[in-house]
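Each remark here refers to the structure printed beneath this line.
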Amino acid sequence: SQQGEEDPQALSIQEGENATMNCSYKTSINNLQWYRQNSGRGLVHLILIRSNEREKHSGRLRVTLDTSKKSSSLLITASRAADTASYFCATEVEYGNKLVFGAGTILRVKS
Amino acid sequence: EPEVTQTPSHQVTQMGQEVILRCVPISNHLYFYWYRQILGQKVEFLVSFYNNEISEKSEIFDDQFSVERPDGSNFTLKIRSTKLEDSAMYFCASMRRTSGNTIYFGEGSWLTVV
């Protein structure tokens, strides 16, 4: 698989439930960033986790990073209909300053 | 909050025509990028720009593409002779300083080549 692959590809949940999305990557990284994209819109930065960090929180978001497994997860707690969007992980590879994006997870939160 | 702004939001152009997409990065940022996203596909890196020169480019960024920072605020992407497969959303992005920082994206310019 390519750098920054998410699973599942699509996720449908009820409002109030938690949503978990996973991302795997192949090379050593400086950091991993999660972005949200509403249909046809721009990429909104959600959270950045550095390679020496294991967990980070921001509001209803919780991100974990396991560099030994080269994987990350994004948890959205108490989801809302407004969380419906595509979510992308993007890795900044070591010794670089560009981001490599995964294919994304399409999240649908039903009210 | 400062943001990256892009114009136009949507452009339709004839195949073979030249297109210039414009971006105003966040004012104190030093690294600038163009990415593209073909409909339904992943976001792909095109080029990064630092200190008035290209620092890295992808295989997609061939001779028909060029970037320029004509003044202290604008950052442009030119596609010299557009092809149907250039139809995509083009995102400009900027980062404040060296690696390890958040990269901020604009709302995108949707290019349709007919």
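Laboratory data are not the source of any read-out in this text; all were calculated from the coordinates shown. Since this is a predicted model, take the numbers as computed values, not measurements. Cβ atoms come from the backbone with ideal geometry, glycine included; neighbour counts cover every protein chain shown.
Overview of results
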item: Label-to-label distance, nm, for residues given as B:ASN51 and B:SER27 (7 Å Cα→Cβ offset); result: 2.5
item: Exposure rule at most 16 other beta-carbon atoms within 10 Å, DSSP loop GluC sites (Glu not before Pro): chain A longest free segment; result: A:54-93
item: Contour excess over end-to-end distance, with Cα ends at A:HIS57 and A:ASN22 and 0.36 nm allotted per residue; result: 11.0 nm
item: Amide hydrogen neighbours beyond the local backbone of B:GLN17, cut-off 5 Å, H modeled; result: B:THR82
item: Number of partner chain Cβ atoms within 10 Å, mean per residue of B:39-48; result: 4
item: Residues B:ASP62 and B:LEU39, FRET efficiency given R0 of 25 Å [Cβ-Cβ distance, rounded to 0.05]; result: 0.75
item: Most mobile of B:ARG80, B:ARG69, B:ARG22 in a GNM of chain B (Cα contacts under 10 Å); result: B:ARG80
item: Estimated vicinal HN-Hα couplings, Hz - region A:22-29 in sequence order (Karplus 6.51, -1.76, 1.60; Gly, Pro = x); result: 10, 9, 10, 9, 10, 9, 5, 10
item: Mean separation of Cα contacts under 8 Å (6+ apart) over length of region B:5-113, as relative contact order %; result: 38
item: Förster radius 41 Å - calculated FRET efficiency between A:VAL44 and B:SER81 (Cβ-Cβ, nearest 0.05); result: 0.80
item: Reachable lysines, given that their alpha-carbon falls under 24 Å from the alpha-carbon of B:LYS42 and they are not under 8 places away in the same chain; result: A:LYS26, A:LYS69, A:LYS70, A:LYS98, B:LYS57, B:LYS78, B:LYS83
item: Rg followed by Dmax, in Å, when chain B is reduced to its Cα trace; result: 13.3, 40
item: Averaged over A:97-108, number of beta-carbon atoms from partner chains that fall within 10 Å; result: 5
item: Part-to-part distance (alpha-carbon centres) for region B:5-34 and region A:58-103, which is given in Å; result: 26
